[in-house]
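Structure first, commentary second.
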Amino acid sequence: MVIERQPAVGGLAASFEFDGLYLDHGSHRLHPATDPEILADLRRLLGPDLLVRPRHGRIRLLGRYVRFPLSPLDLVTRLPPWFVAGVGRDAIAKRFRWGSPPPTTFAEALLAGLGPTICTSFYFPYARKLWGLDPTDIAAEQAHRRVSADSIGKVIRKALSVVPGLGAARPPIFYYPRRGYGQISEALAGEVRRLGGSILLSTQARRIVIDGGFVRRLILATDRAGSGGAAGAESQEIDATVVFSTIPVTALARLLAPPPPDPVTASVAKLTYRGMVLLYLILDVERFTPYDAHYFPEQESVFSRVSEPKNYSMAAEPVGRTGLCVEVPCTVGDEIWSASDEEMRRRVVGDLARVGLPVDGLVRTSFARRLPNVYPVYDRAFAQHLATLSSHLAGIAGLVSLGRQGLFAHDNTHHTIEMAYRASECLGPDLTWNAAQWRLYQEQFRSHVVED
């Protein structure tokens, strides 16, 4: 039995249709790094609808657009000479540094690997925008989990990998479903039903009843009328032996009955997620740009990324119309989160003009969606608080927290699907749980690095 709070499956990886366009909750791709077993299953389920697409994005850096994935020619010809010289100087200086203590912050980790030129121009402003913290207040773990090219050598190798004859045999690609990224989740849901499983939509857990250290029951509420609140929900109680939870681990802790002891509750309060407002602009133009995604680390714009889903699938329909998904990181309750849709539209449209992407006269309509839990925040104390919570949950037989939100992890969709595959291997036919094997898999998950 799958319990899904929303009226459709997929969560952050869902898609929806609006005005003939398939739109995603942000920029989503299925990366070639996907485990071969998983990719084979998805190809079987989606067939020809799983498209192979070339990467075609760009980053605005120092007021100029640079190709992404990185191109050596772009880096040398489009960025100021002082930047190129600074990167070279940092690479030489690194050879003469040794004996430094292990980094404890995001800033220390990247400065040691990349030097100040790239950090101050790109990674540090992007970190402030995405996570709402100064790089000196972010744990070093953030750099290990989120920055794949964490040394100048890796940056150069990554850039050269797209040059024929010097790296990859073909240009960077990604996989993308014909009807939006959520088609992956919909295909998996169809397979669940085909195999005899059930999916309860518009349903959420209100309580997870624990007795004697074991999961015993779930108290559910189903919003059949679509009222969006508890008043119109129908309650039900079901027996449960094993519960896999992909909701935010902090929300999971608050559902437990009886509640966790005070030290655990205190740690839960210290773990936070960064939210996001997604502003969708529907434009009266066939395609706005030829790019699938634009990245904006600089502070001159409120958004961190702008994607054009129609360019991900190269859909021919609808004719003369496209959509932009503008990602604006924020904290729940702050000025951005609380702004009206119209206020967000005015601010985003103004910032788009400032970065050379004017949409004046093209906007057919706009609307916003607000996501409260997008990025786990790794402040300098997060590891201690997460360990306290994880230890408590590990002591509850039959309760398994996994996925990006459930493990408080930075990862991609292919990582999350892999977690589910590995979890299934730990569950025996008689519903016995191999906790030792799961701990080994969790150690492997810690090596995941986000693919951008």
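The values are calculated or read from the model by the stated rules, or taken from the named source; none is laboratory data. Since the model is a prediction, treat every value here as computed from it, not as a measurement. Here the Cβ is made from the backbone with ideal geometry for all residues, glycine too, and neighbour counts use every protein chain on show.
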Any residue that is in contact (Cβ under 8 Å) with a residue 24 or more places away in the chain, over 30 Å from residue 185 (Cα atoms) and in contact with an Asp or Glu (Cβ under 8 Å, 6 or more places away or on another chain) - is there at least one of those in region 50-60?
yes
Would you point out which residue out of 139, 112 is surrounded by fewer than 20 Cβ atoms within 10 Å (Cβ to Cβ), closer than 23 Å to residue 447 by Cβ and outside the structural domain of residue 305 (by TED's automatic domain parsing)?
112
Spot the failing condition for residue 53; the list is (1) in contact with a Ser or Thr (Cβ under 8 Å, 6 or more places away or on another chain); (2) part of a helix (DSSP H, G or I); (3) surrounded by fewer than 18 Cβ atoms within 10 Å (Cβ to Cβ), and only one is missed.
(2)
Counting only residues that are buried (at least 17 other Cβ atoms within 10 Å of the Cβ) and either of a type in the set (Lys, Arg) or over 19 Å from the mean Cα position of the chain (by Cα) (or both), how many does region 403-432 have?
4
Please name all residue pairs, on different chains or six or more residues apart, with Cβ atoms under 7 Å, provided the first residue is in region 85-109 and is closer than 19 Å to residue 378 by Cβ and the second residue is of a type in the set (Ser, Thr, Tyr) and modelled with pLDDT of 90 or more.
105/136; 107/136
Take the conditions under 19 Å from the mean Cα position of the chain (by Cα) and either at pLDDT below 90 or within 25 Å of residue 331 (Cα to Cα) (or both) and apply them to residue 147. Does it pass?
yes
Name the residues in region 271-314 that are farther than 24 Å from residue 30 by Cβ and hydrophobic (A, V, I, L, M, F, W, C), would you?
271, 277, 279, 281, 282, 283, 285, 302
Among the residues of region 115-133, which ones are in a loop (DSSP other than H, G, I, E, B) and surrounded by fewer than 21 Cβ atoms within 10 Å (Cβ to Cβ)?
132, 133
Only one of these is within 20 Å of the chain's Cα centre (by Cα), at pLDDT 95 or above and at positive phi: 275, 180. Name it.
180
Tell me whether region 440-450 contains one or more residues that are closer than 30 Å to residue 324 by Cβ, crowded, with 17+ Cβ neighbours inside 10 Å and not assigned by TED's automatic domain parsing to the domain that holds residue 283.
yes
Find all pairs meeting these conditions: Cβ atoms under 8 angstrom apart; at least six residues apart or on different chains; first residue within region 293-304 and within 13 Å of residue 61 (Cβ to Cβ); second residue buried (at least 22 other Cβ atoms within 10 Å of the Cβ) and of a type in the set (Val, Ile, Thr).
294/59; 294/306; 295/59; 296/59; 296/306; 297/59
Out of the residues in region 207-228 that are within 19 Å of residue 11 (Cβ to Cβ) and of a type outside the set (A, V, I, L, M, F, W, C), state the one that is surrounded by the most Cβ atoms within 10 Å (Cβ to Cβ).
223
Just to check your reading of the model, which residue among 48, 102 is in a loop (DSSP other than H, G, I, E, B), surrounded by fewer than 18 Cβ atoms within 10 Å (Cβ to Cβ) and not acidic (Asp, Glu)?
102
Within region 411-443, track down each residue that is out of contact with any helix residue (DSSP H, G or I) (no Cβ under 8 Å at 6 or more places or on another chain) and polar (S, T, N, Q).
412, 424, 432, 442
What about residue 297, is it closer than 30 Å to residue 403 by Cα and either part of a loop (DSSP other than H, G, I, E, B) or at pLDDT below 95 (or both)?
yes
Residue among 95, 78 that alone is surrounded by fewer than 18 Cβ atoms within 10 Å (Cβ to Cβ), in contact with a strand residue (DSSP E or B) (Cβ under 7 Å, 6 or more places away or on another chain) and not β-branched (Val, Ile, Thr):
78
With respect to residue 34, is the statement that it is outside the structural domain of residue 419 (by TED's automatic domain parsing), of a type outside the set (A, V, I, L, M, F, W, C) and under 20 Å from the mean Cα position of the chain (by Cα) true?
yes
